[in-house]
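To start, the structure itself, in structure tokens.
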Amino acid sequence: MNDRIENPQTDAPSFHLRWGFWAVLSGALALILVFVQIAGPTFEAQPSAASQIGEIAGEIKRSAWKSFLGLPKPEPEVASVSIWNYVAIAAPVFGVIAIVLSLVSGVLRENARYPMYGASLGAAAIVFHFFWWVALLVAGVVLIAVIIENIGDIFSF
């Protein structure tokens with residue numbers, strides 16, 4: 001009886017050696033990063049929306065009066081880069097990597113489930129990311145429209 005393992009590389013499960021497995025992993029990571037990007041900034045300490053809108057309106061008023069009176073503009077403050085900026089870039093990049101790895105897996109005729117799962121997760125991450133930014137743009141346009149609508153109240157005394 002010879003119970004020795006002759007070649008441990010071929011006797012071990014080889015799912016982690018497949019391109020499709022890494023496509024599924026990167027697609028899942030991309031989707032997780034999209035959801036973290038959506039929910040993450042809400043956990044940071046922020047002032048209330050009313051005070052933020054009031055500060056924006058006050059800045060518009062001060063800037064308009066300084067421009068009207070010919071006063072010099074203040075130097076802009078340098079803002080530090082947040083981790084969420086990197087997450088916003090990494091999420092669709094991992095989605096594209098998942099789609100590319102799925103294509104490689106499909107061309108190599110690996111198990112058909114891996115490329116389908118990887119491409120689906122990668123595409124879902126890209127689509128969710130895109131629609132999240134579209135929703136933010138719509139909210140920003142609505143906010144600017146409300147501020148412009150009330151511009152008369154900003155300049156009143």
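At a glance:
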| read-out | value |
| --- | --- |
| Search result, residues across the stretch 53-68 that are among the β-branched types (V, I, T) and without any contact (Cβ under 8 Å) to a residue 40 or more places away in the chain | none |
| Check on R113, surrounded by fewer than 12 Cβ atoms within 10 Å (Cβ to Cβ), at positive phi and basic (K, R) | no |
| In the stretch 101-111, the residues that are among the aliphatic types (A, V, I, L, M) and either at pLDDT 95 or above or in contact with a Ser or Thr (Cβ under 9 Å, 6 or more places away or on another chain) (or both) | L101 |
| Output for the stretch 50-104, where each listed residue is touching a helix residue (DSSP H, G or I) at 6+ places or on another chain (Cβ under 8 Å) and charged (D, E, K, R) | K61, K73 |
| Single unsatisfied condition, A23 versus (1) of a type outside the set (F, W, Y); (2) within 21 Å of V127 (Cα to Cα); (3) in a loop (DSSP other than H, G, I, E, B) | (3) |
| Filter result for the condition that a residue is within 21 Å of L143 (Cβ to Cβ), under 27 Å from the mean Cα position of the chain (by Cα), among the aliphatic types (A, V, I, L, M) and modelled with pLDDT under 85, over A50, A57, A88 | A50 |
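The values are calculated or read from the model by the stated rules, or taken from the named source; none is laboratory data. Since this is a predicted model, take the numbers as computed values, not measurements. Positions of Cβ are backbone-derived with ideal geometry, glycine not excepted, and every protein chain shown enters the neighbour counts.
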